[in-house]
Amino acid sequence: MTTDTHRVIRPSILYFGTPVVLLTTENEDGTFNLAPISSAWALGQHVVLGLGGESQTVRNLAARPDVVINLASPDLWEQVERLAPLTGAHPVPESKRAVYRYEPDKFAAAGLTPYPSDLVRPPRVAESPLQLEARAVAMNPGGEGSFFSVECEVVRVHAHERIVVPGTDHVDPGVWSPLIYNFRHYHGLTPEVGHGFRSETAKLAARAG
């Protein structure tokens, strides 16, 4: 008989290994907000974001749906962490005041560089190897208003040439590694242990071999 070595726990957070993305959105005055989040997943040409209900990003997307979803790489973890205690909301919501402080220029505070987008107004993060220009198409409240699930339609993808399989539109999973937020600790991907049967890059490599 197999012995059950699991035990019941109640973790304070459930960030069980999700990618870190930096969201750029437009503020009411035409400036831009930059916010790190660690709740994002993609299906087809859509990305769903999990956002705090009182965040400046939610306010911006409700009024101006353009957004850039900049995927961070492991070498950007310190810049991401510089952004973590900052908020673009002014005044700072009461529930955030004990932890967060207002910062109007988050790009400068983090040491990151804004770069013009093609189809949306907010800028891309130049240091991000993978940048998704998108528009919010649905915002669904959850947790009695404590968070929103925001569905975004991706309209253009920018990938640094070093992470693209030459001569294709495929991101090379052997080169690209997202920054992972794993129970409030930052990680990169470990070396590959295998691939899925639908992997197009694996088929390309097999044909080339």
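Kindly establish whether V58 is in contact with a strand residue (DSSP E or B) (Cβ under 6 Å, 6 or more places away or on another chain), free of Cβ contacts under 8 Å to residues at least 24 places away in the same chain and open to solvent by less than 40 Å² (accessible area, probe 1.4 Å). In short, no. The residue list L204, L189 contains one member that is open to solvent by 40 Å² or more (accessible area, probe 1.4 Å) and assigned to a loop (DSSP other than H, G, I, E, B), which is L189. The residue list R121, R135, R162, R207 contains one member that is of a type in the set (K, R) and under 22 Å from W41 (Cβ atoms), which is R135. In segment 72-98, the residue that is modelled with the lowest pLDDT out of those that are touching a strand residue (DSSP E or B) at 6+ places or on another chain (Cβ under 9 Å), hydrophobic (A, V, I, L, M, F, W, C) and open to solvent by 30 Å² or more (accessible area, probe 1.4 Å) is A84. How many of the residues making up segment 128-152 are surrounded by fewer than 15 Cβ atoms within 10 Å (Cβ to Cβ) and under 17 Å from L22 (Cα atoms)? Adding up the residues that qualify gives 0. Checked against (1) in contact with a Phe, Trp or Tyr (Cβ under 9 Å, 6 or more places away or on another chain); (2) under 22 Å from L14 (Cα atoms); (3) in contact (Cβ under 8 Å) with a residue 24 or more places away in the chain, K106 passes all but condition (2). Taking the criterion of being open to solvent by less than 100 Å² (accessible area, probe 1.4 Å) and assigned to a loop (DSSP other than H, G, I, E, B), the residues of segment 1-23 that qualify are P11, I13, Y15, V20. Of the residues making up segment 119-134, those that are within 26 Å of D75 (Cβ to Cβ) and free of Cβ contacts under 8 Å to residues at least 40 places away in the same chain number 1.
The values are calculated or read from the model by the stated rules, or taken from the named source; none is laboratory data. Just so it is clear, the structure is predicted and the values come from calculations on it, not from any experiment. Cβ coordinates were reconstructed from backbone atoms using ideal geometry, including for glycine residues, and neighbour counts include every protein chain displayed. SASA here: full protein model, heavy atoms, side chains in, ligands and nucleic acids out. Shrake-Rupley method; radii C 1.70, N 1.55, O 1.52, S 1.80 Å.
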